[in-house]
Amino acid sequence: MNDNPALAAALIILLGTAAQWLSWWMKLPAILLLLIAGLAIGPGFHLFSPDDMFGDLLFPFVSLGVAVILFEGSLTLKFEEIRGHGQTVTRLVTFGAATTIIVAALGAWGLGLLSWEVALLFGALVSVTGPTVILPILRSVGLTKNAANILRWEGIIIDPLGALAA
C-alpha cells in the first residue's frame, strides 16, 4: 500500500479516467470498468486504503458521494417527457418496487439462503433500477420514446426510494 496521498489521488484520477475512456471505446457501461478499477487498486492489490487516506473524513465523503449519485439524475428530468404517463411511473415505483422487494425477499428466505431481515434488505437492494443501470440499457435496446422515458423516470425516482428502503 502507498502512504503518499498525492500519489494515491493521482492513481485514482488516472485509473478513473482510463476506465471512463476504455468503457466509451468498448461501448460498455462506465460503472463496470470503474468498479473493476476500484476493486483492483483497493482490495485487490492493496494500493490504496480509503481509511488510511481520509481517516475521519471518509464517512462524510462517502455520504456526500451517495447523495450526489442518488439525486443527480433528478436534475435531468423534464416533465414534458412524462406527460400522460405519470400514473404508469407511479405504479412502477410503488407496486412494482413493493412486489420486487417481497418476491426477492421470499425467494432468498424460502431457499434458506438468508435470514428474514437480511432477505428483506436483499429485496430492497435488488428492487432498485437506478439510472446507472437503466440508462445504458435504454441506449442499446432501442425502445420507443414513451417506453424509454417511462423507464428512465422510474429508474431515477426509485434510486433514492430504494436507498431509504434498504
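Only the coordinates and a few stated rules stand behind these numbers; no lab work does. In this text the structure is predicted, and so the values were computed from the model without any measurement. In this analysis, Cβ positions are derived from the backbone assuming ideal geometry, glycine residues included, and neighbour counts consider all displayed protein chains.
With θ taken as phi - 60° and the Karplus curve 6.51 cos²θ - 1.76 cosθ + 1.60 applied, the whole-hertz 3J(HN,Hα) list for region 115-123 is 5, 4, 5, 5, 5, 5, 4, 4, x Hz, x standing for glycine and proline.
With 0.36 nm allotted per residue and the present C-alpha distance subtracted, the Val62-Phe45 stretch has 4.0 nm of extension available.
Comparing Trp25, Trp109, Trp153 in a Gaussian network model of the chain where C-alpha atoms under 10 Å apart are linked, the largest mean-square fluctuation is found at Trp25. Ellipsoid semi-axes for region 5-72, based on the Cα gyration tensor and the rule √(5λ), read 21, 17, 10 Å when sorted largest first. Between the helical axis of 131-141 and the longest alpha-carbon principal axis of the chain there is an angle of about 70 degrees.
When only the Cβ of Lys, Arg, Asp and Glu is charged (+1, +1, -1, -1), the dipole of the chain relative to its Cα centre reaches about 800 debye. Each Lys or Arg adds one and each Asp or Glu subtracts one; over the other residues with Cβ under 12 Å from the Cβ of Ser127, this totals -2. Counting only Cα atoms, region 78-165 measures 44, 25, 17 Å along its principal axes, largest extent leading.
Taking Glu81, Glu72, Glu117 in turn, the Gaussian network model of the chain (Cα-Cα springs below 10 Å) assigns the largest fluctuation to Glu117. Cα-based values for the chain, radius of gyration first and Dmax second, are 18.8, 56 Å. Using the Cβ-Cβ distance between Asn4 and Thr76 with R0 = 35 Å, the FRET efficiency computed as 1/(1 + (r/R0)^6) comes to roughly 0.40. Remark: spin-label model distance Leu28-Ile69 equals 1.8 nm, labels positioned 7 Å along the Cα→Cβ axis.
Relative to the longest principal Cα axis of the chain, at what angle does helix 145-165 sit, 0 to 90 degrees, rounded to 10? Value to nearest ten degrees: 60. The length gained by stretching the chain between Val141 and Leu111 to full extension, at 0.36 nm per residue less their Cα-Cα distance, is 7.5 nm. Label separation (Ile13 vs Ile36): 2.5 nm, computed from points 7 Å beyond Cα along the C-beta direction.
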